[in-house]
1. If you restrict to DSSP beta bridges whose two residues both lie in the range 248-396, what percentage is antiparallel, to the nearest 5?
2. Can you work out the FRET efficiency for the pair residue 255 and residue 152, with r the C-beta to C-beta distance and R0 = 51 Å, to the nearest 0.05?
3. Quick check on the range 21-105: take the gyration tensor over C-alpha atoms, sort the square-rooted eigenvalues as a ≥ b ≥ c, and tell me if it's rounded (a/c under 1.5), prolate or oblate.
4. Counting pairs of alpha carbon atoms under 8 Å apart in space and at least six apart in sequence, what relative contact order in percent does the chain give?
5. What nm distance separates the two modelled labels at residue 161 and residue 343, each placed 7 Å from Cα along Cα→Cβ?
6. How far is helix 70-80 tilted, in degrees, relative to the longest principal axis of the Cα atoms in the chain, given as a value from 0 to 90 rounded to the nearest 10?
7. Among rounded, prolate and oblate, which fits the range 70-138 when a ≥ b ≥ c are the square roots of the eigenvalues of its C-alpha gyration tensor, a/c under 1.5 means rounded, and a/b larger than b/c means prolate?
8. Return a whole-number percent for the relative contact order of the range 248-396, with Cα pairs under 8 Å and 6 or more residues apart as the contact set.
């Protein structure tokens, strides 16, 4: 689950990570009030107005601007709130901005020049260890840095059973070229950041940039945070941060009815029970000359209501030209699934205008096939895996 920048910073602050302070606003009136509040609390005279959407590169699309007065806060926030923000990480349509973060200006003059860094914490799947990736080239696309100057990217791998060791945090500060108060501040920042990553059950913490201010403070100016959906039951406060306006409506609908759904770019919809069988079914579709349009696992409960919900979700994709239902009756009986398919088909009436191939194997599979074949509906039944593949191939021809 992705969260907004301001929410990510709230999580960081809970673990003692220094952040650029800010207040979220949904109207120009709230934005001006937020700016006044920040001026009173921090003394900042200038403010940064940041669009809050789940996409990077906001500045390139005009979603991050500096306001040097309250009049500019009002004008700029009015321009950003409600805009369709197009960035390198959005579609051509962009994303509508519903709120902005009014943040303090942290690039103030001082005894030294401000310096931007890049730091992220994530899982290195190859080694099975957590990893801190960092660079002196903050404020830039890390992909560009990796491609053009890979020698400027450093990593520290952390054994999750041991945790971050002191020398590793010091390595980060040393490789970033820091000294004195900034060195100590970075060591503390890295330790707190890793603590936040583990404590929040995160999949990614990406801070770009991490800023060394002109008075040697280390703070997170931005925060891209991805939380592990499977761990949200331990964090009800994080679950409340979900902004469904930023998510695919089909994904939201599937989650609300308890279906595991991932949209793909294909022409054959899949309805399967069990992740392993779902993967095999997608391979089957590929071998038959089609392309899977989705991953959809109905789980161990496949009654009429659940099957109907699955059909409706699959059919929201106009690219789907056929649906393959592949169910193994272990926990769930095949005849119950078959009845669910028949009932769902009848309930949906003319909503189903494409071929449906159903393969049911396992408990009461023979009864299930009879139910399908005698239903009078335009549903093709199959017994063998290859038979199902052949029927998919035939309807796509």
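1. The antiparallel fraction comes to roughly 20 percent.
2. After rounding to 0.05, the efficiency reads 0.80.
3. It comes out prolate by the Cα gyration axes.
4. 12
5. Taking the two extended label points, one gets 4.9 nm.
6. 20
7. It comes out oblate by the Cα gyration axes.
8. 23
No lab work stands behind these numbers, since they all come straight from the coordinates. Model, not experiment: these values are computed from the prediction. Don't worry about glycine lacking a Cβ; one is built from the backbone with ideal geometry, like all the others, and counts go over all protein chains shown.
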